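So the structure is just underneath, and the comments pick up after that.
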Amino acid sequence: MKLLKILCLFSLLVPTAGCWDQSFLKQQSLAFSIGYDAHGDKLKSLSTVRTLKPTGSGQTEPFNNSYEVTGTTPLDVRAALNEITPGTYSMGKLRVILIGEELAKKDIYPLFDLYFREARSNINTKVIITKGKSVDFLKNGYIQGNLITDAINELLLSGEKESLVPKATVGNLLSTIFDPGEDITLPLLEKVQKGNLKVKGVALFNKRKFTGKSLTGEKASLLLLMKNKGGKTAQFSVVDKGAKNTLNKKITIITNKSKSKIRLKWDSGKPIYTVDLKLNVFISEYTKGILNKRDVDKLAEFLSKKMTNMAEEVTKTLNESNCDALGLGHIMQVQNPKKFKGYDWDKDFKDIKIVPKVKVHIISNGILY
Amino acid sequence: MITMQVNDKPISPFQLYCIIILSITGIMMFSLPYIANLYGKNNAWISVIILLIGFQLIGFVIIALHKRFPEKDLFAIAEIVMGKVIGKIFNTLLTLYYLFIAVYVCLYGCFLAMEWILPLTPKPVIYLILLIPSLYLAMAQLDAFARYNSIAIFITIWLIFAICFAIPDMQFSYLLPVGEVPLAKIFKGAIHIAPIYSGVNCILIYLPKTSGTIKAKGKAVFYSLLTISLIYLFIVSACIALLGTHALDIVIMPVLYLLKTVTIFSFFERLDILMISLWLIPSLSAFVIYIHLAFTGLTQVIQKKNKIILFSLFILVFLGCLASQSNLSIYALHKGRSLMLPYNCIAMFGVTPLLLILAVIRKKNISR
């Protein structure tokens, strides 16, 4: 029995070693960002790999290396990157995936299959559509001295917080891609002067394809609020054309709280969606002077009207681009699945009537009366 | 079984509560929403509610049996109510069933480990990682095993806590409309996910070793089955709400996928890898419980009880895994699950009600 115990104890040594699956960080090339572009029938890809550069006296600083390859599929691209990067090319820490608009217009699902399928892949990676080729965004490796991945990541985080772009990661794309009653929206990034990047707005998709249309600035924010997917705040400037002085023409509000409710009604067998958006706002810019109680009520009414007009423009763009970003098909599917089956939602969405209504409630004038 | 000696310290009703929960939270829980969604689609959560009710009834049957035979375990009761010969045949079949389940759980654990964390480690080594600590646990005193379970239950709580972080990304309208899926399909879904409760009969192994009144034991059984069913309801609902029924059709391990999407406090991510490593702890409990069941059945049949028998059961499971590992894939595992489904249903829904009916008809009762 003693021998049996000793044998049992020794057999423990076999699993404790864990040497088959050890993977040293120092032997890996950790990719932090990757861009995909259409290159004829192939994919052109550029990935930034972060390494540590010695700066003397035992100190190191992160340093970006860019590698450009072509391949037929994302896995092919990864294999090609593995051949040229020192150590094993690893996507385990990937922070951002950039997709060029031309490639996004074809079909984005094949780009993500690898990330969905592999247990080891990181699906919290952010996904962005770029105006122009994605490779051009990444090739310098830095923006104003900041590492490109960090810069893009920070840009997106602040954009999400200020309701300029949707929170889009590989992981949360899966449900929308397969949902027949909703379409994807992704952040749209563009390059501006001096190599700086700008969060342009929301890229609109019809199923897996980028429609080429987008909502920018305030309209993008309004769409996100209508979806109940806004960030902490959103800023809107409304132009008062009746103002005498040019300086007095703009009224700026910042949302504090918002709630959107979408209802489906049927009129002579046709669906009509009403989107009721309630906004609690602060007045952050009002140059006309004092705001008393009566003025505030009037202003709220005026802002509600203006914001409703803007919301109508948003829904018009959605119809035109055939992008059901609000998940209206899903609402019909829940309320009346049989009627939903009678629609070819990807094609019929452009004819769906959407009636938005925004109600603004001013909760503060700032610290001025 | 070594843990089931007469001089074993009895376990408390709370420890029984923990043991029952862990006997049912096995490694197969990770694919539970996928299996439920295959049949019940967006109403798959109703399948779990059906099981909740079904297993509460089984709980009542188990307590009724225990009330009639307070000192006897499942296999001893079978011999009393069925007679010696039929009882022994019945116990042998049940023992073989639990051995098969133990092999299946071991293979499933190996598949998960290979897919997620140990792709290059040889399969026999992965089996040993599961089997060696299980052997140690199975050989321990029952109260030591119960204490282990009381600690291991925190992993289940941690899992629920981690899933809660995905709630902001969930869309609960994916669970609607109620009644769109035919009831027959929802029931079929319930039947297909029922094998996750395979360990339910272990209650009759541990009840005689539990201290306290019948009321306290009944409460432990009732609340443990309720707790685990509610945990499953939460997990299935959370996965459908996060992924939607269409995406769930292709994600075979939705619970791990859900954990993959979670980031806690902006820096703590890849909870799937953490969870699959931690889940070895509750999985060991579930595995040991199957071994306990097989061992108790075998000792009842051969009327012998020693460490060698327990050890040989582990060797059998190891050999069983080696024999059936050649095509270890999700397809093979799902096929195995489908093949075992009728036996699972008989073992879970047939055994205890049959024993109770026979006990009532044959007026067998040793409590008075």
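The values are calculated or read from the model by the stated rules, or taken from the named source; none is laboratory data. Only a predicted model underlies this, so the values are computations on that prediction, with no experimental measurement involved. Cβ atoms come from the backbone with ideal geometry, glycine included; neighbour counts cover every protein chain shown.
Structure values in brief
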item: Residues that are of a type outside the set (D, E, K, R) and more than 24 Å from A:ILE184 (Cβ to Cβ), drawn from the range A:123-150; result: A:ASN140, A:GLY141, A:TYR142, A:ILE143, A:GLN144, A:GLY145, A:ASN146, A:LEU147, A:ILE148
item: Test result for B:GLY87, free of Cβ contacts under 8 Å to residues at least 24 places away in the same chain and either farther than 25 Å from B:LEU280 by Cα or not basic (Lys, Arg) (or both); result: yes
item: Test: residue in the range A:217-232 that is without any contact (Cβ under 8 Å) to a residue 40 or more places away in the chain, in contact with a Lys or Arg (Cβ under 9 Å, 6 or more places away or on another chain) and in a strand (DSSP E or B); result: no
item: Answer residue from the range A:188-208, given it is without any contact (Cβ under 8 Å) to a residue 60 or more places away in the chain and either assigned to a loop (DSSP other than H, G, I, E, B) or within 22 Å of B:VAL262 (Cβ to Cβ) (or both) and is farthest from the other protein chains (Cβ to nearest Cβ) among those; result: A:VAL192
item: Elements of type helices (runs of 4 or more DSSP H) contained in the range B:211-290, each with 2 or more residues being charged (D, E, K, R) and more than 10 Å from every other protein chain (Cβ to nearest Cβ); result: B:214-248
item: Condition check for B:ALA113: crowded, with 21+ Cβ neighbours inside 10 Å, more than 14 Å from chain A (Cβ to nearest Cβ), over 28 Å from B:LYS217 (Cα atoms) and touching a Ser or Thr at 6+ places or on another chain (Cβ under 9 Å); result: no
item: Boolean, B:ILE196 is in contact (Cβ under 8 Å) with a residue 12 or more places away in the chain, crowded, with 21+ Cβ neighbours inside 10 Å, farther than 29 Å from A:ILE123 by Cα and not small (Gly, Ala, Ser); result: no
item: Condition met for A:TYR36 (touching a Pro at 6+ places or on another chain (Cβ under 9 Å) and away from every other protein chain (no Cβ under 14 Å)); result: yes
item: First in the range B:298-321 and on the phi < 0 side of the Ramachandran plot, second anywhere and surrounded by 14 or more Cβ atoms within 10 Å (Cβ to Cβ) and part of a loop (DSSP other than H, G, I, E, B), Cβ under 7 Å, 6 or more apart; result: B:THR299/B:MET1; B:THR299/B:LYS305; B:LYS305/B:MET1; B:LEU310/B:MET1
item: Residue ID - farthest from the chain's Cα centre (by Cα), chosen from residues in the range B:223-243 that are under 22 Å from B:LEU142 (Cβ atoms) and not small (Gly, Ala, Ser); result: B:TYR223
item: Residue among B:SER266, B:SER326, B:SER367 that is within 30 Å of B:MET170 (Cα to Cα), modelled with pLDDT under 85 and among the small types (Gly, Ala, Ser); result: B:SER266
item: Which listed residue is within 30 Å of B:THR296 (Cβ to Cβ), more than 8 Å from chain A (Cβ to nearest Cβ), free of Cβ contacts under 8 Å to residues at least 24 places away in the same chain and assigned to a helix (DSSP H, G or I), from B:PHE154, B:PHE145, B:PHE161; result: B:PHE154
item: Any chance A:ILE128 is within 26 Å of the chain's Cα centre (by Cα), in a strand (DSSP E or B) and under 27 Å from B:ASP169 (Cβ atoms); result: yes
item: Residue among A:ASP324, A:ASP346 that alone is assigned by TED's automatic domain parsing to the domain that holds A:LYS265 and modelled with pLDDT under 85; result: A:ASP346
item: Enumeration of residues in the range A:135-152 that are under 30 Å from A:THR255 (Cα atoms) and out of contact with any strand residue (DSSP E or B) (no Cβ under 6 Å at 6 or more places or on another chain); result: A:ASP150
